[in-house]
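Heads up, the thing below is written out as structure tokens.
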Amino acid sequence: CYSDLSSGINAEYGQVERLEDDDEIDEELLAGDETLECLVQSRKEEENFKNLFNDCKFFLSREVPREILVLIIRSLGGEVSWSSDSGVASKYDENDPDITHHIVDRPSQSHQFLSRCYIQPQWVFDSVNQKKLLPIDDYVAGALLPPHLSPFVNSEGYLPPEQVELLDRNETEDKEEEEEKKEALSAEEKRLAIMAMPKKRKILYNKMIHSNKKKAGAVNKLKRKREELDENREKKKTATA
């Protein structure tokens, strides 16, 4: 039944530690590699998304779709509970002072706590689609909700004005974030990224980096030869003048 499903989703589970390879990592691979930096950045973004609701503590009113909300919130690091009268496995009650988000689907509430925000369920779904916590102003209880925009659309064909505005806003934010992320990654972050690779991919990556270093060495060697030739040519011109 549905109550058993919510109970299972909201249960605490043990953490499983990742087994890491014992392969040694070439220290030279940690220096100035854009491919590795992209990999590390991608892993960071993935981890941030996995912890999207990490600092959020939710309470669900009885009228909202509990099962799907519990699944999403728990999957992305949040805490969630509901009234014990509406189902088992409730972890805390409505009076918990640490609740940050109270999800409701009614235009008004008989009683409200000033320490939390009262939002409609769509805020959770839209935040997941955009992979970030959206401002709550458009989602407060009783507000006329913004259009529910699909995260799977592309820029081809007709786009509603709201979708165009959202894409433009995301593009601007992405550029700003990209500027902030241009700082060099630490050697430890790069080391962890390599250690997280599957063994076959790590071998392939090592070969690729060594090949790139070999090509770069050959190019630098030719550049030095050309510089020496130009320098000798200048000396001869000066001597004959």
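Read the figures in this text as sums done on the coordinates, not as results from a lab. Predicted, not measured: the structure shown is a model, and the values here were computed from it. FYI the Cβ positions are ideal-geometry reconstructions off the backbone, even for glycines, and counts take in every protein chain you see.
Observations on the model:
- One decimal place: the segment Glu46-Arg169 gains 42.2 nm when fully extended, by the rule 0.36 nm per residue minus the C-alpha distance.
- Estimated dipole of region 105-147 in Debye, rounded to 20 [Cβ of Lys and Arg +1, of Asp and Glu -1, Cα centre]: 140 debye
- Burial ranking of peptide ranges 120-130, 207-217 (average Cβ count within 10 Å, highest at the top): 120-130, 207-217
- Fully extended contour minus Cα-Cα distance, from Val88 to Arg62, at 0.36 nm per residue: 8.1 nm
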